[in-house]
Amino acid sequence: MPIKAKKSYRFALRSALYIGLISFTVFGTLLWLFKMLNWGLLGLATIIIFVLSFLALQFRIERFIYRRIKKIYDDVALLESTPLTSHPVTTDMRTLTAEIEKFAKDKKIEIDTLKIREEYRKDFLGNVSHELKTPLFTAQGYLETLLDGAINDKNIRKKYLSRANKAVERLIYIVRDLDLITKLEVGDLRLEKEDFNIVELIQSVFDLLEMKAAKKKIVLTFDMVYPKPIMVNADEEKIQQVLTNLLVNSIKYGNENGTTEVSVENLVKNKVIVRVTDNGEGIPANHIPRLFERFYRVDQSGSRREGGSGLGLSIVKHVIEAHGEKIYVESSKDVGSEFSFTLEKSKTQNTNSKK
């Protein structure tokens, strides 16, 4: 793309004016001392000096300074997506300085962003490696034991194959969640929005997780009786996954004989907010900003005592944001946590309902 020259005469004009004034003063003084002062001749000489100075200075700017400035532009053009190459080359120092400062600032932001992404990439790859190798090595260990002769023992064979199968199921679970979250992040997942009763959906998730909650003696309940349906417009299957992930987390990290309570409240005229509140172990404040990152765990120990893919909350966040909604979290250590998210009401929903 050819670069057009944008001439700036300000520097040459001012410099020529200074030279003209100095010449006028010096020659005027000399002519006055020698009694040869001629105002007309002095004025004409000053004008000639001014014009010649201006032309000489402008010529030097275009031939000397401009070439060096153009080289700066050409060097910068080697970098991808630079904003400088889209503008004409200028010899105006103020404009050039402003452009270079803006370019440097933009590049610094870009470099800082790349550094953050590089750290995130390393962290992510390390987490993926850890999450995948645990079930892989588990399955491999059981299978190798069977191949070494344990397969001849019927009881051991059945037990080890069952455990290897569980490890493979965990691998499939992780890969499936990774595939889902990748689609969500690149916007490749299509939402099939429809009107449905959010209260009924929550109850169905309660029923699915009833046995899991019973093992820890945790009660899944609504905050009140909802006599009327609360209709929302969203992808029912994806919202069911959101509710399942949030409730599974509340069960995993809840205290025995605890309670997980779900409420549905009017937020604004066309929105409801769904709250999932528990009285479990809570989350330290320093972990909350990173809570929705992929594979991030509050429990940093290698034991991964509660299992899971480590992608649940990240999926929740992406599903809710794919709906154009918001998710919030409040938590206190040893007190409990509350996760809440907004949903759009269906157009047929009675906006006068209490909750």
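Readers should treat all values here as calculations from the given coordinates under stated rules, not as data from a laboratory. All values derive from a computational prediction rather than experimental measurement. Quick reminder, even Gly has a Cβ in these numbers, built from the backbone with ideal geometry, and neighbours come from all protein chains shown.
The stretch between Ile48 and Lys326, if pulled fully straight at 0.36 nm per residue, gains 92.8 nm over its current Cα-Cα span. Take the Cα of Asn152, step 7 Å toward its Cβ, do the same at Asn38, and the gap between the two points is 12.9 nm.
Ranking of Lys107, Lys317 by neighbouring Cβ atoms within 10 Å, starting from the fewest: Lys107, Lys317.
In plain terms, the residue of Leu42, Leu267, Leu247 with the fewest other Cβ atoms within 10 Å comes first and the most crowded comes last, giving Leu267, Leu42, Leu247. Length gained on full extension, Leu114 to Leu31: 23.0 nm, using 0.36 nm per residue less the C-alpha separation. Roughly what would the spin-label model give for Thr97 and Leu132, points 7 Å off Cα along C-beta, in nm? Using points 7 Å along Cα→Cβ, the separation is 5.3 nm.
Each Cα pair of the range 212-278 feeds into the Kirkwood radius, which the Stokes-Einstein equation turns, at 20 °C and 1.002 mPa s, into a diffusion coefficient of 163 µm²/s.
Rounded to the nearest whole Hz, the Karplus-based 3J(HN,Hα) values (6.51 cos²θ - 1.76 cosθ + 1.60, θ = phi - 60°) of the range 281-294 follow the sequence 6, x, 10, x, 4, 5, 8, 4, x, 9, 4, 9, 6, 5, with x at glycine and proline.
Please compute, over every Cα-Cα pair in the range 194-344, the percentage with a separation greater than 28 angstrom. Of all Cα-Cα distances in the range 194-344, 15 percent exceed 28 Å.
With a threshold of 30 Å on the Cα-Cα distance, the over-threshold entries among Lys122/Lys345; Lys71/Lys107; Lys105/Lys333; Lys216/Lys317; Lys166/Lys216; Lys183/Lys271 are Lys122/Lys345; Lys105/Lys333.
Which residues in the range 32-64 have a backbone N closer than 18 Å to a point placed 7 Å from the Cα of Ile22 along the Cα-to-Cβ line? Residues 45-61 fall inside that zone.
Restricting the calculation to Cα atoms, every distinct pair contributes to the Kirkwood radius of the range 130-277, found to be 18.5 Å. Between Glu194 and Lys105, the FRET efficiency from the beta-carbon distance, with R0 = 51 Å, is close to 0.60.
Length gained on full extension, Glu256 to Phe222: 10.4 nm, using 0.36 nm per residue less the C-alpha separation. As a rough footprinting exposure proxy, the listed residues Tyr173, Tyr253 were ranked by other beta carbons within 10 Å of their own, and the order from fewest upward is Tyr173, Tyr253.
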